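Okay, structure first, notes after.
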Amino acid sequence: MTSQITQPEQDPARHPPTSLIKIISVVMLGALMMQLDMTMTTIATRTLVRDFHSTLSTIQWVTTGYMLAMAATIPLAGWALERFGARRVWTATIAVFLVGSVLCGLAWSPGTLIAFRVLQGLGAGMVMPVGQTVLVQAAPPERFGRVMAAMGVPAMVGPVLGPVLGGVLVTDLSWRWIFYINVPVCLAALALSGRAIPSAAAPGRSRLDWLGLALLSPGCAAIVFGLAQSNQYQGFGNAHVLVPLAAGIVLLGAFCVNALRIPDALIDLRLFARRGFASASATMFVSGFVLFGAMGALPLYYQIARGDSAQRAGLLLIPLGIGMGLSLFAAGRLADRIAPRTIALAGLVFTAAGTFVYTQLAAGTSQLLLGVAQVCSGIGTGAALVPIMSAGFRGLEPAAVPRASSSIRIMQQLGGSFGSAALFIIVQHELTTHAHNAAGLAAAFGATFWWVLAFAGAMLIPVLFLPGSGQAGPRAARSARRGGRREVASRSAGVESVEE
């Protein structure tokens, strides 16, 4: 009798297959690239204003245009996956981002830089949705949670590493290198994706709301443009302000009418009839103002009011990223055990405490005090975002999860767009009304942060409507994970919230 020795089977929960490790590595590389690009650009704002002899209200479009373009392409992810397959879509999005990065580095005026940033955003918008959808399809059930949790790593590393790396590049080389540095990362992602990313198309044939896409993005851009014009024309009574604002409102109104009459709208307005989803969406929108308050205004304060270099400003922002990373890690573990309202309220307390310190800014404010305030702000922001995202999916049927994912991500991007635009408009206004000395400049940023604190207070209203009892983890998300993972994967444009 011949004896046969069998090798023990590897536990997939402990030893993920090599193919899955490759997919995780490529997707995380793309996600980290997006995070670093965003945080590095905020550090360069002051330098761009100086080098282009421009104003903050103009340069803010470098960030705002990028985020609006991202919001426009998020809903395209599921549709594109179904028709072209993950590998083709992933390769195309990275390639578009690569071309946009090179062109941004070659920009010769504010207008060309803004246009090329929009091109960048068109590529960046689908990187996370496509990557996470691929992970949903590839991850075995016993490793699904850990695999999706890995997507939180770029969110923790980006806010810490981005400002530091951006500051070094802007100070020692040129602001153009914050875009050129994307080139080797993009090339590596493209080279690895040929083997790692599967080529099969996702099942299904969802319809794309082309009319909604044509109404939503131009409508939001027109409103942001009108707000920017209000700073130049000293109020809202000028036609240069009223016309784009009115046009934007009309376009958004038409979008709402269209969304209510078709089943596959970009943002499913019927979901807002659910209290948890409506409050989560509203909170995510308003959070854009608060998040960009710290990420956008603090680097300017360090460089304008205190005379720090971009490199030093980046280093001084490390506490903010550390606080955010720690809270994202802790909140992800607590979100399934503690009610969303409780965690979000605690996060708001930390955010308000840190922001209040910013309202007292002076030219000689203690670095230690600012560091502690940044840690508080970071903890508060991260602690609030995770349970808010989770609450948006409580009680939803598995079939509604993909539409909810896409809608919340779009609301988050639009909130960030409006937040960045409003922040730079306020900063520009305050700087022109205060004396041009160190004390006056610092006071301008202190006055700006009173607005940020007011928006943090406004977040309290939707947060109070979040679920306040019972298990915080969304049942619908777990149900979708067990029985509807394929459907979620094929259509989702923001699958990270399935795990949360």
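The values are calculated or read from the model by the stated rules, or taken from the named source; none is laboratory data. Just so we're clear, the structure is a prediction, and the values are computed from it rather than from any experiment. FYI the Cβ positions are ideal-geometry reconstructions off the backbone, even for glycines, and counts take in every protein chain you see. Note: areas computed on protein heavy atoms with side chains; ligands, DNA, RNA excluded. Shrake-Rupley method; radii C 1.70, N 1.55, O 1.52, S 1.80 Å.
For the reader, a short list of remarks on this structure follows.
- Test: Gly276 is in contact with a helix residue (DSSP H, G or I) (Cβ under 7 Å, 6 or more places away or on another chain), open to solvent by less than 10 Å² (accessible area, probe 1.4 Å) and in contact (Cβ under 8 Å) with a residue 24 or more places away in the chain: no
- Test set (1) modelled with pLDDT of 75 or more; (2) out of contact with any Phe, Trp or Tyr (no Cβ under 6 Å at 6 or more places or on another chain); (3) open to solvent by less than 10 Å² (accessible area, probe 1.4 Å); (4) under 14 Å from Met38 (Cα atoms) - Ile94 fails condition number: (4)
- Selection within segment 273-307 - in a helix (DSSP H, G or I) and at positive phi: none
- Those residues of segment 71-82 which are at pLDDT 75 or above and out of contact with any helix residue (DSSP H, G or I) (no Cβ under 6 Å at 6 or more places or on another chain), in sequence order: Leu76
- Residue list for segment 11-24, filter: assigned to a helix (DSSP H, G or I) and either aliphatic (A, V, I, L, M) or at pLDDT below 75 (or both): Thr18, Ser19, Leu20, Ile21, Ile23, Ile24
- Residue, nearest to Ile426 (Cα to Cα), within segment 222-244, restricted to residues that are hydrophobic (A, V, I, L, M, F, W, C) and open to solvent by less than 30 Å² (accessible area, probe 1.4 Å): Ala228
- Val257 being touching a Phe, Trp or Tyr at 6+ places or on another chain (Cβ under 6 Å), assigned to a helix (DSSP H, G or I) and of a type in the set (A, V, I, L, M): no
- Taking every residue in segment 294-311 that is touching a residue at least 40 places away in the same chain (Cβ under 8 Å) and surrounded by fewer than 24 Cβ atoms within 10 Å (Cβ to Cβ) and pairing it with any residue that is acidic (Asp, Glu) and assigned to a helix (DSSP H, G or I), at least 6 positions away or on another chain, the pairs with Cβ-Cβ distances below 8 Å are Gln311/Asp172.
- Of all residues in segment 256-265, those that are within 24 Å of the chain's Cα centre (by Cα) and open to solvent by 10 Å² or more (accessible area, probe 1.4 Å) total 3.
- For Val62, the test of being hydrophobic (A, V, I, L, M, F, W, C) and either open to solvent by 10 Å² or more (accessible area, probe 1.4 Å) or within 17 Å of Ala196 (Cβ to Cβ) (or both) is failed.
- Only residues that are buried (at least 24 other Cβ atoms within 10 Å of the Cβ) and either among the β-branched types (Val, Ile, Thr) or under 22 Å from the mean Cα position of the chain (by Cα) (or both) were counted across segment 356-372, and they come to 0.
- Considering segment 137-249, the qualifying helices (runs of 4 or more DSSP H), each wholly inside and each with 1 or more residues that are farther than 20 Å from Ser420 by Cα and at pLDDT 75 or above, run over 152-172, 177-180, 182-196, 210-232.
- Segment 334-445 holds helices (runs of 4 or more DSSP H) entirely within its bounds, and those carrying 3 or more residues that are β-branched (Val, Ile, Thr), modelled with pLDDT of 85 or more and in contact with a helix residue (DSSP H, G or I) (Cβ under 9 Å, 6 or more places away or on another chain) map to 340-359, 367-391.
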